[in-house]
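The values are calculated or read from the model by the stated rules, or taken from the named source; none is laboratory data. Just so you know, these numbers come straight off a predicted model, no measurement behind them. Cβ coordinates were reconstructed from backbone atoms using ideal geometry, including for glycine residues, and neighbour counts include every protein chain displayed. Protein only, heavy atoms only, side chains kept; ligands, DNA and RNA dropped before computing areas. Shrake-Rupley method; radii C 1.70, N 1.55, O 1.52, S 1.80 Å.
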Amino acid sequence: DPDNVVLCLLAAEEEEAEDAALQIHFTLIQAFCCENDINILRVSNPARLAQLLLPATGPEPPPDLHCVLVTNPHASQWKDPALSQLMCFCRESRYMDQWVPVINLPER
C-alpha cells in the first residue's frame with residue numbers, strides 16, 4: 001500500500017553500479033516512488049544496512065536488501081522526530097537538485 005510507505009532505501013555496492021538488471025530495477029522503483037510521493041535514499045553499503053536492520057543470522061548470507069520500503073501505519077508521519085528530520089533532509093536534497101540523495105554507511 002503506497003499510502004503507508006514513507007521512505008524507500010536503495011542499497012548497492014559500487015561494484016554493482018554497472019549491473020544493468022539492478023539499474024533497471026532501481027529505475028522502476030524510483031519511478032514508482034516519484035509517482036506516489038515516496039522519498040528515496042541511496043545507501044552505499046548494503047552489508048552494513050543488513051547489520052543494522054537484521055539480527056545476527058550466523059553463517060548464512062544476508063537476504064537481499066537492495067530495496068527496503070519503510071512504512072508508517074500512523075496517520076500523522078510527523079509524530080516521529082527522526083522521521084521528520086529524514087523527510088526534511090530528502091526535501092532539502094531535492095531543492096539542491098539531488099533527487100536521490102546518497103547516505104554513506106561506514107563500516108563498524
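Tabulated values for the structure
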{"read-out": "The chain - share of DSSP beta bridges that are antiparallel (%, nearest 5)", "value": "40 percent"}
{"read-out": "Relative packing of 12-22, 27-37, which averages over residues the other C-beta atoms within 10 Å, highest first", "value": "27-37, 12-22"}
{"read-out": "Length released on extending from S44 to F89, taking residue separation times 0.36 nm less the Cα-Cα span", "value": "14.5 nm"}
{"read-out": "Listed residues S84, S93 arranged by accessible area, highest first, probe 1.4 Å", "value": "S84, S93"}
{"read-out": "Neighbourhood net charge (15 Å Cβ-Cβ; Lys/Arg +1, Asp/Glu -1) for L69", "value": "-4"}
{"read-out": "Tilt relative to the chain, helix 81-95 - C-alpha long axis, 0 to 90 degrees, to 10", "value": "90 degrees"}
{"read-out": "Accessible area expressed per residue, the chain, with surrounding protein chains retained (probe 1.4 Å, Å²)", "value": "69 Å²"}
{"read-out": "log₁₀ of I(q)/I(0) at q = 0.10, 0.14, 0.15, 0.21 Å⁻¹ - the chain, Debye sum with one point per alpha carbon", "value": "-0.31, -0.61, -0.70, -1.29"}
{"read-out": "Carbon/sulfur fraction of accessible area - the chain, other protein chains in place, 1.4 Å, %", "value": "56 percent"}
{"read-out": "Residue-averaged 222 nm ellipticity for the chain, from DSSP H runs of 4+ at -39500 (n - 2.57), nearest 500", "value": "-11500 deg cm²/dmol"}
{"read-out": "Accessible surface of I103 - all protein chains present, 1.4 Å probe, nearest 10 Å²", "value": "60 Å²"}
